[in-house]
Amino acid sequence: RRRGENDAIQCYTEQMKVDALARLSMESALRKAFEGDQFALVYQPKVDADRGCVVGGEALVRWHHPTEGVVGPAAFIPLIEEMGLIGQLGQWVLTRACEDIARWCRDGVPLVPIAVNLSALQFGRQDLHESIRDTLAAHGVAPEMIELEVTESILMRDTRATAEVLEGLHGLGLSLAVDDFGTGYSSLAYLKRFAVDTLKIDRSFVQDCAGTGQDPAIVRAIIAMAQSLGMALVAEGVETEAQARVLQAHGCAVMQGYLFARPLAEADFRAALCDGLPG
Ligand code: C2E
Ligand code: CA
Ligand code: CA
Ligand code: CA
């Protein structure tokens, strides 16, 4: 028995070595990703189900790893954050989105606001306001064309500094959306304190909103609350006609999810803006 324990410990430390090595190699691969221009943006349409048209898009980052193929953000953003590189990635994302918007505009593509995700860590940086303002200006992109998606954890910090940064960004003309709404905290007081324009109902509630559990009631409550606070709504992760029908019936017309479109390569998103979604 003793012996088994030791084996287990031995095995555990071996595993830690393997993990540490994997991590080191991923860190160095990520540093190279910046130099090698291996990041890309895809755009997922937001669709107004009442009008049947694309009313927005969300920029989502992908990593084109030289040997592993396309890697999603969940697999590398936490590490990027730990490495202290999230500011650099966030800047890259905003710059690329602005470049795309400016090109669409030049080419006469009908524009919709594009949302970018802000990490909580980016939010703490002093130069966030200036860098966003300067990036928009450098590309001639109107602030109304950019929406920032922030998670509840940012808003819950509830410091004067947070409020000031949000007010400042709002003052620039950018709109703000609370991402993954409903998953974070029970206090909703922050919604009144901060200049938030849009609530994005988290996929976990949308998933079962057409079912018989608690979630239909939660979704109805979120929609009613957003309406009474004068906020816009987006339901994320809509995958079935049944979910879409329930959301639409309760007054949430704007939806994002595989039912309408997956995140699209730039050329496909551009085509969707010009010609609508296929099908
Ligand atoms: P998120 O902001 O909640 O983005 C929505 C995620 O749900 C995306 O995953 C999207 O591909 C996925 N999704 C959309 N519709 C459906 C659906 O109908 N069903 C299902 N099952 N999933 C759906 P993705 O692209 O892997 O991004 C994951 C998360 O990574 C994002 O969650 C966001 O928090 C973060 N992220 C993505 N891009 C960036 C970025 O540029 N900066 C930062 N800081 N975070 C990012
Ligand atoms: Ca988001
Ligand atoms: Ca989300
Ligand atoms: Ca989510």
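The C-alpha atoms of the chain occupy a region whose extents along the principal axes are 66, 49, 46 Å, arranged from largest to smallest. The dipole here belongs to the range 129-279: it is taken about the Cα centre, uses +1 on the Cβ of Lys and Arg and -1 on the Cβ of Asp and Glu, and is about 360 debye.
Measuring between their Cα centroids, the range 57-135 and the range 181-226 lie 25 Å from each other. Potential lengthening of the chain between Gln91 and Lys32 amounts to 19.6 nm, from the contour at 0.36 nm per residue minus the alpha-carbon distance.
The charge dipole of the chain, taken about its Cα centre with unit charges on the Cβ of Lys, Arg, Asp and Glu (plus for the first two, minus for the last two), comes to roughly 380 debye.
Angle of helix 160-172 to the longest C-alpha principal axis of the chain, folded into 0 to 90 degrees and rounded to 10: 50°. The value of relative contact order for the chain, using C-alpha pairs under 8 Å at least six residues apart, is 19 percent. Taking one quarter of the surface of the convex hull spanned by the alpha-carbon atoms of the range 71-186 gives a direction-averaged projected area of 7.9 nm². Can you classify the range 167-278 as rounded, prolate or oblate using the Cα gyration tensor, where a ≥ b ≥ c are the square roots of its eigenvalues, rounded means a/c under 1.5, and otherwise it's prolate if a/b beats b/c and oblate if not? Verdict is oblate for the range 167-278.
Any read-out appearing in this document is the output of simple, stated calculations on the displayed coordinates, not a laboratory observation. Just so it is clear, the structure is predicted and the values come from calculations on it, not from any experiment. Ideal geometry is used to build each Cβ from the backbone, glycine not excepted, and the neighbour counts take in all protein chains shown.
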